[in-house]
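Below you'll find the structure, written out as C-alpha cells, and then a few comments.
The values are calculated or read from the model by the stated rules, or taken from the named source; none is laboratory data. Keep in mind the model is a prediction, meaning the values are calculated, not measured. All Cβ positions, glycine included, derive from the backbone under ideal geometry; neighbour counts span all protein chains shown.
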Ligand code: ADP
C-alpha cells in the first residue's frame, strides 16, 4: 500500500491529497472496542468461521464481553452456523443492535438480508462502507474483545477493517496442515506486516483425527505445517485443533461447539488458545 492512499475509507477518493474527509475526524472506536482480533486465512474452507465462533464463545466463557463481526460480505456463514436465519439487525434510531447468542453479540451482513440466499453484488466502495458502519455505527456496548471473521485472502475486507479500527488490533491466521494451505499463510502474514498489525499467532485446524473409540490420533493430512511457518515468521503458534465430528454436528444444529461441549478435550484446546491471547 502506498503512503498516498486515503486512510478514511472514503468511497469518493483514493488518495490523501484528494480526500474530502481530510478535516473530518475518523471516529474513535477504541473507546468501546478494547481489543480487536481479525481471524484470517489464505484459503476458504480451513475452518476460519468455526474458529472465530468458538474463540469468541471461549472468551465469553472466561467472563470477557465479546462481539463477533462477520465481514465476509459475499459469503456470510456466521448466521447459518448459528441458526440465526429469520433474525435481523434492528436499529434504535441511531445505531444497529447486534443479535445475541451464546453470550456474544453478533453482526453480519447476512442479518440484513430479506432472504438468506440473496446474492450480494457490491463493488469495493459499498463493501468498505458497510464494514465501516459495522464497526462505527453498531451499538456494541463496551467490548473487551471483538472477533472479526474475514473472508479468505488479503482483499478489501481485511484492509478496510484494519484501516477503520483505531484501537488495539491484531490478527490470528488459520491454516490446515497441508503445505498448499500453509503456503497461503505466508501471504496473510506478509499482509499483516505491511499493515503493521500484530499477529497473535497461527492456529492449525483439522490437525489429525482422534478416533472416538480407541483415542488414537491419526494424521489424515500432514501435521506441523502451521508450526513450521510460525517459526519461520517468528510469530506464536497458538495450537492444533483436531478434526472433531462434534464440531460439524454442532455447526449443523446451529450450536456453538465450545459452548455445548465445554468440557471436551477440543474445547480445552480452544480455552488454552484463549489463555494465550488473554
Ligand atoms: P471457512 O470459514 O474457513 O470457510 P468453515 O469454518 O466454514 O471454514 O468450516 C468449513 C466446514 O468444516 C464447516 O462445515 C465446519 O463445521 C467444518 N469444520 C471446521 N473445522 C472443523 C474441525 N476441526 N472438525 C470438524 N469439522 C470442522
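So residue 155 ticks every box in (1) within 16 Å of the ligand (Cβ to nearest atom); (2) in contact (Cβ under 8 Å) with a residue 24 or more places away in the chain but one. Which box is left unticked?
All conditions are met except number (2).
Within the stretch 50-64, restricting attention to residues that are in contact (Cβ under 8 Å) with a residue 40 or more places away in the chain and out of contact with any strand residue (DSSP E or B) (no Cβ under 8 Å at 6 or more places or on another chain), which residue is farthest from the ligand (Cβ to nearest atom)? Before the answer, list the steps.
Taking the stretch 50-64 first, the residues in contact (Cβ under 8 Å) with a residue 40 or more places away in the chain are 50-62, 64.
The next check asks that each one be out of contact with any strand residue (DSSP E or B) (no Cβ under 8 Å at 6 or more places or on another chain); those that pass are 54, 58, 61-62.
Working: 54: 9, 58: 14, 61: 18, 62: 21 Å.
Applying the filter and picking the extreme gives 62.
Name, by its number, the condition in (1) more than 16 Å from the ligand (Cβ to nearest atom); (2) surrounded by 15 or more Cβ atoms within 10 Å (Cβ to Cβ) that does not hold for residue 126.
Checking residue 126 against (1) more than 16 Å from the ligand (Cβ to nearest atom); (2) surrounded by 15 or more Cβ atoms within 10 Å (Cβ to Cβ), the one that fails is (2).
Quick one: which residue in 110, 42, 47, 67 is within 16 Å of the ligand (Cβ to nearest atom), out of contact with any helix residue (DSSP H, G or I) (no Cβ under 7 Å at 6 or more places or on another chain) and in contact (Cβ under 8 Å) with a residue 12 or more places away in the chain? Give the steps one after another, and end with the answer.
Details: 110 fails: out of contact with any helix residue (DSSP H, G or I) (no Cβ under 7 Å at 6 or more places or on another chain); 42 fails: out of contact with any helix residue (DSSP H, G or I) (no Cβ under 7 Å at 6 or more places or on another chain); 67 fails: within 16 Å of the ligand (Cβ to nearest atom).
From the options 110, 42, 47, 67, the qualifying one is 47.
Go through the stretch 159-193 and give me each residue that's within 15 Å of the ligand (Cβ to nearest atom), in contact with a helix residue (DSSP H, G or I) (Cβ under 7 Å, 6 or more places away or on another chain) and within 30 Å of residue 143 (Cα to Cα).
171, 173, 174, 175, 185
Being surrounded by 18 or more Cβ atoms within 10 Å (Cβ to Cβ) and part of a helix (DSSP H, G or I) is the filter; apply it to the stretch 70-89 and report the residue that is nearest to the ligand (Cβ to nearest atom).
81
Looking at residue 148, is it buried (at least 23 other Cβ atoms within 10 Å of the Cβ), touching a helix residue (DSSP H, G or I) at 6+ places or on another chain (Cβ under 9 Å) and under 30 Å from residue 249 (Cβ atoms)? Don't jump to the end; show me each part of the working.
Values: buried (at least 23 other Cβ atoms within 10 Å of the Cβ): yes; touching a helix residue (DSSP H, G or I) at 6+ places or on another chain (Cβ under 9 Å): yes; under 30 Å from residue 249 (Cβ atoms): yes.
So residue 148 passes the test.
Got at least one residue in the stretch 200-223 being more than 16 Å from the ligand (Cβ to nearest atom) and touching a helix residue (DSSP H, G or I) at 6+ places or on another chain (Cβ under 7 Å)?
So far as the stretch 200-223 goes, yes, one or more of its residues are more than 16 Å from the ligand (Cβ to nearest atom) and touching a helix residue (DSSP H, G or I) at 6+ places or on another chain (Cβ under 7 Å).
Any residue that is farther than 21 Å from residue 77 by Cβ and either at pLDDT 95 or above or surrounded by fewer than 18 Cβ atoms within 10 Å (Cβ to Cβ) (or both) - is there at least one of those in the stretch 101-118?
Of the stretch 101-118, the ones farther than 21 Å from residue 77 by Cβ are none.
Checked against the condition, which is being farther than 21 Å from residue 77 by Cβ and either at pLDDT 95 or above or surrounded by fewer than 18 Cβ atoms within 10 Å (Cβ to Cβ) (or both), the stretch 101-118 yields no hits at all.
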